[in-house]
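The block underneath contains the structure these notes are about, expressed in structure tokens.
The values are calculated or read from the model by the stated rules, or taken from the named source; none is laboratory data. Everything numeric here is computed off the predicted structure, so don't read it as measured data. Note that each Cβ is placed from the backbone with ideal geometry, even for glycine, and that neighbours are counted across all protein chains shown. When the accessible area is computed, the model is the full protein with side chains, heavy atoms only, and any ligands, DNA or RNA have been set aside. Shrake-Rupley method; radii C 1.70, N 1.55, O 1.52, S 1.80 Å.
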Amino acid sequence: MDMNQLVEMQQSLTFLGSIGGLALALLGAGLAAVLSGIGSAKGTGIAGEAGAGLLCEDPGKFGKVMILQVIPGTQGLYGLVVWFFAIFRMGLLSGTLPDLTVAQGMQYFVACLPMALGGLFSRPPSTCWPRSRTTGPRAWCCASRWSSTPFCPCWPPC
């Protein structure tokens, strides 16, 4: 290696050290918002498809279907709140770029990661809920595996 390459490598490491902490922190906050939004969209889509099928047969259950449609949508909102808190805590709303070390950036990244992964994978595979106890095996699907329904004729998922 010649001297020019060493100087160039040192400058790039200095730049990485100066912007690396902020980049890691912003990556963690961004992942919290984006991955939670993706998980929310998937869950809302599953609940919407199942709810539309149920409403075709029984329009009187609109209120119950609407609640099941809204519940997965809250995950994206939680991710956005975590993003906002991380940005606020970093000091980006003050109008200046914060000087974060790589260790501090990694702390923000790791702190936002549970919301990112939890929001993405919080939508478990769809399960089938019966329309009523008298209709037998006819069922509709929703976005939650953990239901209080005592009878589920088509488990595993439809």
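Tabulated results
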{"read-out": "Surface accessible to a 1.4 Å probe, per residue, for the residues of region 30-77, Å²", "value": "51"}
{"read-out": "In Hz, Karplus ³J(HN,Hα) per residue of region 62-73 (6.51, -1.76, 1.60; θ = phi - 60°; x = Gly, Pro)", "value": "4, x, 5, 5, 5, 4, 5, 6, 7, 4, x, x"}
{"read-out": "Residue-by-residue Karplus 3J(HN,Hα) for region 25-41, coefficients 6.51, -1.76, 1.60, Hz, glycine and proline x", "value": "5, 5, 5, x, 5, x, 5, 4, 6, 6, 5, 5, x, 5, x, 5, 5"}
{"read-out": "Nearest-0.05 FRET efficiency for Leu113 and Lys61, computed from C-beta distance (R0 30 Å)", "value": "0.20"}
